[in-house]
1. Would you confirm whether any residue within segment B:50-71 is aliphatic (A, V, I, L, M), assigned to a helix (DSSP H, G or I), closer than 15 Å to residue B:10 by Cα and open to solvent by 20 Å² or more (accessible area, probe 1.4 Å)?
2. Kindly indicate whether any position in segment A:145-156 is free of Cβ contacts under 8 Å to residues at least 60 places away in the same chain, more than 23 Å from residue A:271 (Cβ to Cβ) and not charged (D, E, K, R).
3. Looking only at segment A:12-28, filter to residues that are within 9 Å of another protein chain (Cβ to nearest Cβ) and under 22 Å from the mean Cα position of the chain (by Cα); which one of those is farthest from residue A:349 (Cα to Cα)?
4. Just the residues that are open to solvent by 10 Å² or more (accessible area, probe 1.4 Å) and touching a strand residue (DSSP E or B) at 6+ places or on another chain (Cβ under 8 Å), please, taken from segment A:150-162.
5. Just one of the numbered conditions (1) touching a strand residue (DSSP E or B) at 6+ places or on another chain (Cβ under 7 Å); (2) crowded, with 18+ Cβ neighbours inside 10 Å; (3) in a helix (DSSP H, G or I) is not true of residue A:355; which one?
6. Please go through segment B:17-29 and give me each residue that is surrounded by 24 or more Cβ atoms within 10 Å (Cβ to Cβ) and either touching a Phe, Trp or Tyr at 6+ places or on another chain (Cβ under 7 Å) or not charged (D, E, K, R) (or both), ordered by number.
7. From the list A:421, A:393, A:429, which residue is open to solvent by 10 Å² or more (accessible area, probe 1.4 Å) and in contact with a His (Cβ under 8 Å, 6 or more places away or on another chain)?
Amino acid sequence: MDANLPSAPPGSSRQLRSAASLRVLDGFGGSVRAACRTLVPSSTDELAAMLARANDAGVAVAMRGAGRSYGDAALSRDGLVLDACALNRILSWDPSTGIAVAEAGVPLADLWRRALPDGHWPAVVPGTMFPTLGGMASMNVHGKNQFKAGVFGEHVQWFDLVTPSGALVRASRSENAELFHAALGGAGLLGAFARIALQLKPVESGRMKVESIPVGSFAEQFEVFDARRAGADYLVSWIDCFASGSAVGRGQIHVANHLHGSEDPRAKESLRLEEQELPSRIFGFPKSQLWRLMKPVLNDPGMRFTNLAKYLSAKLAGRGHTYLQSHAAFAFLLDYVPGWRLAYGARGLLQHQLFVPEPAARTVFPAALRLLQERGTPSYLGVLKRHKPDPFLLSHAFDGWSLALDFPLGRDGGTRLRAALREVTEMVLGAGGKFYLAKDQLLEPGQIERAYGERLDRFFALKAKIDPRATMQTDQARRLFPERLRALREGR
Amino acid sequence: MAWSVKKAIVVGASSGIGEAMARRLAAQGAEVALVARRHDELERVAAAIRSTGGKAHVHVHDAAQSGEAAPLFDEIVARLGGLDCLVYAAGTMPELAEGEFDFAKDRAMIEVNLLGAIAWCGPAAQLFSAQRGGTLIGISSIAGERGRRGNPGYCTSKAAFTTWLESARNRAARDGVNVVTIKPGFVDTAMTRGKAGLFWLISADEAARLSLQIAAKGNSASGFVPARWALVGFVVRWIPSFLFRRMNF
């Protein structure tokens, strides 16, 4: 028996919980927090033992990686949280095939730093390098190339999942394929990822060619995306959510492409890690303190001005302004200013990402931004991306678009914002849209059921087989699926 | 906005300051979970609260069994449907003869006055931090200000509890948690009854009233009850050691 677990008889749920340390954990947005009973398994065997013990004792378990989900997806007020941070070994890395096998708690930062000097880069990365592979798999994260490379799961070769009974199950496209397509994107509700084999992609240079294109409206955004999609490796747009009238949706598109060795005279050197580090100072300030400077402008007038200034500077640089940027600098924009979320103050921020199919997004997104402006709750940061369908059961993506929006909670603690976002959510659902669980803290049971429909029946039918006692639960799952979890626990 | 409590736990609610705090919180409209060792006494307090239209639940628990605190805390919070105040008022001070050392007595004091306190106040402080609000009231004592010759175990337990509360305050205050240290002087309770040399004696109800007054400031105050003991505390702290060891205080 391991040292972290009390020697209590099976079924002793009270002792199992109270032996765990009680930590105040939050979502990445900082606006949802919970005091959680937390254990840190130090090996896969220990993880399996903890899960089995909890399962026997009827204690719910939530898995947590780096806590980079914005809302309550890695929190649990009830039961236990198992923190995967100590399962952080890269078990193998083969530069000849580009396949890495790693434990679920390995942060993306460790993986790319290992692989890039050997000429490989993860095929899908989110806007920050700190999530763990397990977290990325659970949420089936996407990046600025989702329209081309799909979601994270499409590059997973296989994984080992610890089921609530403590068994280790391997799944791939050919072995336990149903589980493979459900656990990737399954929000941690089927078991705990133990090991993941990931296919990375070869790159010849450590840099990318990035082109900036200022655009004056949503119409222009869609036009440029349509025109450039086929030839771009990455395509993302920042949106000034304060712009109104005919300028609604104005912003700045970045089109990025990998460089062939022949296109970059410094291709080989640029693969070195020292070429990839983000700047330690920005505008002369140490970046660790930069969020303090952001704080005074994180209000409606300040952000209106900042967004305008950003748009004007993009416009000044002109259409087609092109430069070279390292992979890390282009991919991990969120890591430029460590602790940036602190600038939103003690209440934190709320991020909501709308997924709307093509072509409905072309009318829904402008309408959503106008509605948010009318309600007096404009987003401080908007990001537009293009998406394509993927084969996963609880996939958030389809042939369509997403608009990620950051909001301050406001003086009323978010009451007005939540009401406005409720209207936006209805618009999205009315257009056949979806939401992304890594960025959700607002949805209600009826809304998630409408968004995912019968796929949830299939998902929970599988959960009933693998996790009949509904051991795997998070605060998010209890918020979104109260009836389904109750039915499972009651054996209905 | 005025300080108000809707859901509270009072540990040590069967007598003394704890009972008085529970009654006063209930009278202010709070639903109160009464926690103590003696079931009959708890039922008496609960009945008194209910007779005046208040809401109270009874939970039998020996504060010396600190291992049972965390699960019971969770159970009570689930039953109340939340929590915004915890009062730890359980305390014990066995009689010591002049110059006596009795490990069993010292151990009982550490278990109830300190370990039980940490076991209850810890989860409450974390919960309040997570929800960014709540009041944690620890009934410590002026006895924790200095190591007096009369009762080393008691002074130690209270000094440690006072320090623990200060740490909890420094940890949780930035989350808007109100951590309140109450240092009563002599209060007329079962603990002090029959003891010699008491002065400025106040009733448990008066101590509870003053304690809640300090908590209601909402600014993580630490206060003597009644306030004039602050003067005693100040003097006692600054008496040089070579004089202090000659005193019978």
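The values are calculated or read from the model by the stated rules, or taken from the named source; none is laboratory data. This is a predicted model, so every value here is computed, not measured. Cβ: placed from backbone, ideal geometry, glycine included. Neighbour counts: every protein chain shown. What goes into the accessible areas is simple: the full protein's heavy atoms, side chains included, and nothing from ligands, DNA or RNA. Shrake-Rupley method; radii C 1.70, N 1.55, O 1.52, S 1.80 Å.
1. no
2. yes
3. Taking the candidates together, the pick is A:24.
4. Hits for segment A:150-162 are A:155, A:157, A:158.
5. (3)
6. B:17, B:18, B:20, B:21, B:22, B:25, B:26
7. Selected residue: A:393, the only one of A:421, A:393, A:429 that is open to solvent by 10 Å² or more (accessible area, probe 1.4 Å) and in contact with a His (Cβ under 8 Å, 6 or more places away or on another chain).
This table checks each residue for (1) within 30 Å of residue B:132 (Cβ to Cβ); (2) open to solvent by less than 60 Å² (accessible area, probe 1.4 Å).
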site	(1), (2)
B:210	yes, yes
B:216	yes, yes
B:219	yes, no
B:223	yes, yes
B:230	no, yes
B:235	no, no
B:238	no, no
B:242	no, no
B:247	no, no
